[in-house]
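Presented below is the structure to which this report refers.
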Amino acid sequence: MNKHALFPTAALAAGLVLSGCATPGTSGSASPSADGRSHHASQSPDAEASHNSADTMFAQMMIPHHEQAVVMSSMMLDKEDLDPRITELAREIKAAQGPEIQQMEDWLEAWNEPRAPLEGHSMTMDGMLGEDQLAALEQARGPEAARLFLTGMIAHHEGAVEMAEEEIAAGKDAGAVELAETIAATQNAEIARMQALLQDL
């Protein structure tokens, strides 16, 4: 396992398995990024009034979930023998989710909430890959690498959509709910795209 597999998400996948990727946000304005996603301007919300426990859990779970998606995408970008459509998808996922991680970290800091749940608060996160799966993805080449990436990322996205839908239903912070809506819409579209790519392999 190289530097990618040692990323913090690998440990999370093996131990504290998280489910879905979503994040809470402040009730600031949203600005579209180059890939069409909405990213929210960081503000300083009232830590007592701007969010609830659902917002906090959404951010705490979505950060490591996004981090693993970035690791998986980086692995693909290091490969030279891939279908260019796979490389393009991996580049888009990495570019979109990196800034979202920073946004969620900013929200948690503004809310005076820890980056990860306190000890004793267990949670599960659907779609996270285990260490063996990450190792297999890193070692694979060509069509096999593409197949592992697509099947793994489809499950990963499905977990993220589930988390986002939970935030939409229970969250309080307007920015976090809006980001959850963006994640659900964007990743559902990417799931359909990846399923089509998988059929072409």
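Here are the numbers for this structure:
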quantity	calculated
The one condition in (1) surrounded by fewer than 21 Cβ atoms within 10 Å (Cβ to Cβ); (2) assigned to a helix (DSSP H, G or I); (3) not aliphatic (A, V, I, L, M) that His157 fails to fulfil	(1)
Single condition Arg147 does not satisfy, out of (1) surrounded by fewer than 19 Cβ atoms within 10 Å (Cβ to Cβ); (2) free of Cβ contacts under 8 Å to residues at least 60 places away in the same chain; (3) within 13 Å of Leu89 (Cβ to Cβ); (4) in contact with a helix residue (DSSP H, G or I) (Cβ under 9 Å, 6 or more places away or on another chain)	(3)
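Here is a yes/no grid of residues against (1) closer than 17 Å to Val70 by Cβ; (2) touching a residue at least 24 places away in the same chain (Cβ under 8 Å); (3) among the charged types (D, E, K, R); (4) in contact with a Cys (Cβ under 8 Å, 6 or more places away or on another chain):
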position: Met128; (1), (2), (3), (4): yes, yes, no, no
position: Asp132; (1), (2), (3), (4): no, no, yes, no
position: Ala140; (1), (2), (3), (4): no, no, no, no
position: Ala160; (1), (2), (3), (4): yes, yes, no, yes
position: Glu178; (1), (2), (3), (4): no, yes, yes, no
position: Ala189; (1), (2), (3), (4): no, no, no, no
position: Ala192; (1), (2), (3), (4): no, no, no, no
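Conditions tested, residue by residue: (1) modelled with pLDDT of 95 or more; (2) farther than 19 Å from Ala155 by Cα; (3) of a type outside the set (A, V, I, L, M).
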| site | (1), (2), (3) |
| --- | --- |
| His39 | no, yes, yes |
| Ala47 | no, yes, no |
| Ser50 | no, yes, yes |
| Ala59 | yes, yes, no |
| Ile63 | yes, no, no |
| His66 | yes, no, yes |
| Ala69 | yes, no, no |
| Met72 | yes, no, no |
| Met76 | yes, no, no |
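The values are calculated or read from the model by the stated rules, or taken from the named source; none is laboratory data. Small disclaimer: the values here were computed from a predicted structure and weren't measured. Every residue, glycine as well, gets a Cβ built from its backbone with ideal geometry; the counts of neighbours run over all protein chains shown.
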